[in-house]
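Everything below concerns the one structure shown next.
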There are 2 protein chains.
Amino acid sequence: MTKVALAFDLGGTELRAALVSKEGNLLSFAAAPTHAAEGPEAVIHQIELLAAQIRAETPDLVPIGVGIGAPGPLDPEAGIVIAPPTLAGWYEVPLADILSNRLGLPAKLENDANAAAFGEWRYGAGRGAGSMVFVTVSTGIGGGVIADGRILHGRRGLAAEIGHMTITNEGERCFCGAVGCFEAVASGTALGRRATARTRQFDGSMLRNLSADLDVTGRHVVEAARKGDRQALELLDAEARWIGIGFTNLLHLYSPDTIVMGGGISHGFDLLHDTIVATVRDRAMQAYRDVPIVAAQLGRHAGLVGAASLVLWNDHSTDSAAQGLAGSDTPGANTLANEGEVNR
Amino acid sequence: MTKVALAFDLGGTELRAALVSKEGNLLSFAAAPTHAAEGPEAVIHQIELLAAQIRAETPDLVPIGVGIGAPGPLDPEAGIVIAPPTLAGWYEVPLADILSNRLGLPAKLENDANAAAFGEWRYGAGRGAGSMVFVTVSTGIGGGVIADGRILHGRRGLAAEIGHMTITNEGERCFCGAVGCFEAVASGTALGRRATARTRQFDGSMLRNLSADLDVTGRHVVEAARKGDRQALELLDAEARWIGIGFTNLLHLYSPDTIVMGGGISHGFDLLHDTIVATVRDRAMQAYRDVPIVAAQLGRHAGLVGAASLVLWNDHSTDSAAQGLAGSDTPGANTLANEGEVNR
């Protein structure tokens, strides 16, 4: 009998659901635009409908439980969504209990970044690591930490707010109010802003051509750099230095066995990697310099696979991670997840 | 029968030993200058002599094990001292196994900063916290993290290298080679350097009077500030801002229930506290702003008490921490430890 879990990735714009096997394969998948403006009951009803749809597609498979990734802040122990800025009217919603009752299955809740980290750890680029830091560099910067074989939660599940560590005293003020946040200088948004500032409308540059002479985004910079555009390559080099400074801090603070980079900007990972590593080698203390920095492997389904993993791997010990994976078949989490990015 | 552990705090300059009770009391204590230049065998012999002395003083008490705090880098799982810069000739020494054999007791090894953090968590300012960050601000800045009820280790036990997180792009180059390390701008050394730069020999200032017209140290600044000296108060205010920036990062990254500050500069904790808290409130995201920041309680014996705790509390779960402490008598770790600082 295949061991499977029902997984949900609840985002502010999209709600995704899947049936995921112990091997990390997506056996069925469904998605819908989140009715985020209509309050919790409407969204919970959507979840029920997707669950019914998924289970109708695979009637012979009985999930052992439900895993849910949702936006923070949330309390993973209590299973409560506290007050996510992207979901209107959600305040202290005991989502795990509600779904457990309605779906008749045990349910576990985790914040979306931690769920994605957990997915990459169980089935992706972090397999076999005792400790791992997962960083998404997209519109913002977020992440999750596996510390000594467990998701690092801290008070109210609020650990690993990586984007808002201060790494400098320069640059534009972050939306959070501080100056020098990792996110404010190294996110895709910051990269796009620098590219926009460096070019002008109708200047004939590749960056402006790609952006149809509107504001340049981080994605445009990656695209132009891939075509060899010198301005874009210089911008990516500066971007990689900022990422390297932030990653050096993460090495010193968490001492992971690997750093896994996901998010939209990781589409340019091959172009960024060497300068990130050079910056880390330049700045990190000796013992941390050779820790591998790798690209995420699960793409946009990392959160979904991770949510399922909360149920499929409910013993979070390091031993079970190492031994379980060493003893299992090659995971295949990318069956339906071979492109795209982790949403942040 | 009193449950006791034999504890050692192995420093580069001093070796300390104690018999510590489950209540955190030091029942006997001995210390000697570390024969650090003579290599591991000489120092291990010193440990054996101190153990014999301690046990002779309390012949009716049989320790259940030995806990050792030692300088990093070290591997706490394997019990191996890797290569501490302050102990000549120590390279991959399996100290836990050696002491276990020679003393006939189970032995646990932990790096000194983590041991001190563990002591403050079990018996000091961090009692009852699920997660706690301990920071020593002295010559350098170091620390240890209790994450979700366990010491955070990471790869090779190297997590929580707090002093070398980059928090700015200004200031003098850190001894580690990078610019902007927390330690380089906020340590007692940095404070003393700023005080020295701001005054001149024979200028009649209180700072120079206290330092006998030599270089001003961080301790002199605290002392002068306590006497109301305006220069010193301004210097402490700037110091507290740097500490506040670093602490804000620690809140975002580890989400502790409390931050505990020790080390020589924490002698001025009462003078620093308000500006540290104001800086955190100004820079941290809403959910982290009200986390208590408190002074360490165990003084220079935190490491010793913590080393004993490794043995006395070998179930590291959060539950045992919260319940065990809630149900125990008032801990009295300061019986012999009512002054001084945690050595770094």
Would you be able to say whether some residue in region B:12-22 is part of a loop (DSSP other than H, G, I, E, B), over 19 Å from B:Gly303 (Cα atoms), open to solvent by 50 Å² or more (accessible area, probe 1.4 Å) and of a type outside the set (A, V, I, L, M, F, W, C)?
no
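Suppose we filter B:Arg127, B:Arg150, B:Arg102 for residues that are open to solvent by 10 Å² or more (accessible area, probe 1.4 Å), basic (Lys, Arg) and within 12 Å of chain A (Cβ to nearest Cβ); which single one remains? Write out each step before concluding.
Values: B:Arg127 fails: within 12 Å of chain A (Cβ to nearest Cβ); B:Arg102 fails: within 12 Å of chain A (Cβ to nearest Cβ).
When all the criteria are applied, what remains is B:Arg150.
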Filtering region B:158-176 down to residues that are in contact (Cβ under 8 Å) with a residue 24 or more places away in the chain and on the phi > 0 side of the Ramachandran plot yields B:Ala160
Within region A:131-140, does at least one residue satisfy the condition of being over 12 Å from the mean Cα position of the chain (by Cα), under 17 Å from A:Ile293 (Cβ atoms) and part of a loop (DSSP other than H, G, I, E, B)?
yes
Those residues of region A:157-176 which are at the interface with chain B (Cβ under 7 Å from one of its Cβ atoms), touching a strand residue (DSSP E or B) at 6+ places or on another chain (Cβ under 7 Å) and open to solvent by 30 Å² or more (accessible area, probe 1.4 Å) amount to A:Asn169
I'm checking my understanding of the structure. Among residues of region B:23-40 that are buried (at least 20 other Cβ atoms within 10 Å of the Cβ) and closer than 18 Å to B:Tyr91 by Cβ, which one is modelled with the lowest pLDDT?
B:Ala36
Only one of A:Val137, A:Val133 is within 14 Å of chain B (Cβ to nearest Cβ) and either free of Cβ contacts under 8 Å to residues at least 12 places away in the same chain or closer than 25 Å to A:Thr189 by Cβ (or both). Can you tell me which?
A:Val133
Those residues of region A:256-279 which are within 11 Å of chain B (Cβ to nearest Cβ) and part of a helix (DSSP H, G or I), in sequence order
A:Thr279
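From the list A:Ala116, A:Ala159, A:Ala225, A:Ala129, which one is of a type in the set (Gly, Ala, Ser) and farther than 30 Å from A:Ala308 by Cα? Explain how you work it out, then say what you get.
Details: A:Ala116 fails: farther than 30 Å from A:Ala308 by Cα; A:Ala159 fails: farther than 30 Å from A:Ala308 by Cα; A:Ala129 fails: farther than 30 Å from A:Ala308 by Cα.
Within the list A:Ala116, A:Ala159, A:Ala225, A:Ala129, the selection yields A:Ala225.
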Looking at (1) among the small types (Gly, Ala, Ser); (2) more than 30 Å from B:Glu77 (Cα to Cα); (3) in a loop (DSSP other than H, G, I, E, B); (4) in contact with an Asp or Glu (Cβ under 9 Å, 6 or more places away or on another chain), which is the only condition B:Gly171 fails?
(4)
Sole exception among (1) open to solvent by 60 Å² or more (accessible area, probe 1.4 Å); (2) at pLDDT 95 or above; (3) farther than 19 Å from B:Ser309 by Cβ for B:Val43, by number:
(1)
Give region A:280-301 a look and list any residue that's open to solvent by 30 Å² or more (accessible area, probe 1.4 Å) and either touching a His at 6+ places or on another chain (Cβ under 9 Å) or within 14 Å of another protein chain (Cβ to nearest Cβ) (or both), or say none.
A:Arg281, A:Asp282, A:Arg283, A:Met285, A:Gln286, A:Ala287, A:Arg289, A:Asp290, A:Pro292, A:Val294, A:Ala295
Is it fair to say B:Ala117 is open to solvent by less than 30 Å² (accessible area, probe 1.4 Å), over 21 Å from A:His252 (Cβ atoms) and either touching a residue at least 24 places away in the same chain (Cβ under 8 Å) or not in a loop (DSSP other than H, G, I, E, B) (or both)?
no
When residues of region B:60-99 are limited to those that are among the acidic types (Asp, Glu) and outside any strand (DSSP E or B), the one surrounded by the fewest Cβ atoms within 10 Å (Cβ to Cβ)
B:Asp60
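With the requirement that a residue be open to solvent by 70 Å² or more (accessible area, probe 1.4 Å) and of a type outside the set (Lys, Arg), what does region A:46-59 give you? Working first, answer last.
Of the residues in region A:46-59, the ones open to solvent by 70 Å² or more (accessible area, probe 1.4 Å) are A:49, A:53, A:55-57, A:59.
Hits for region A:46-59 are A:Leu49, A:Gln53, A:Ala56, A:Glu57, A:Pro59.
For the structure I just gave you, tell me whether A:Arg193 is under 17 Å from A:Ala295 (Cα atoms), basic (Lys, Arg) and modelled with pLDDT of 95 or more. I'd like the intermediate steps shown before the answer.
Working: under 17 Å from A:Ala295 (Cα atoms): no; basic (Lys, Arg): yes; modelled with pLDDT of 95 or more: yes.
No: the conditions fail for A:Arg193.
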Go through (1) modelled with pLDDT under 95; (2) surrounded by fewer than 18 Cβ atoms within 10 Å (Cβ to Cβ); (3) part of a helix (DSSP H, G or I) and name the single condition B:Asp315 misses.
(3)
Residue count for region B:141-193, restricted to those that are among the β-branched types (Val, Ile, Thr), under 24 Å from B:Glu234 (Cβ atoms) and within 15 Å of the chain's Cα centre (by Cα)
1
Residue set A:Gly246, A:Gly188; condition out of contact with any Cys (no Cβ under 8 Å at 6 or more places or on another chain) and more than 14 Å from chain B (Cβ to nearest Cβ); output residue A:Gly188
Among the helices (runs of 4 or more DSSP H) confined wholly to region B:177-255, which include 2 or more residues that are open to solvent by 30 Å² or more (accessible area, probe 1.4 Å) and touching a residue at least 24 places away in the same chain (Cβ under 8 Å)?
B:188-198, B:218-226, B:230-254
Open to solvent by less than 50 Å² (accessible area, probe 1.4 Å) and either more than 28 Å from B:Ser211 (Cα to Cα) or among the polar types (S, T, N, Q) (or both): does that describe B:Ile276?
no
Quick count over region A:46-87, residues being of a type in the set (D, E, K, R) and free of Cβ contacts under 8 Å to residues at least 24 places away in the same chain, is 1
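The values are calculated or read from the model by the stated rules, or taken from the named source; none is laboratory data. A quick note: this is a predicted structure, and the numbers were derived from the prediction, not measured. Because the Cβ atoms are built from the backbone with ideal geometry, glycine has one as well, and the counts that use them run over all protein chains shown. Surface accessibility is based on the protein's heavy atoms, side chains included, excluding ligands, DNA and RNA. Shrake-Rupley method; radii C 1.70, N 1.55, O 1.52, S 1.80 Å.
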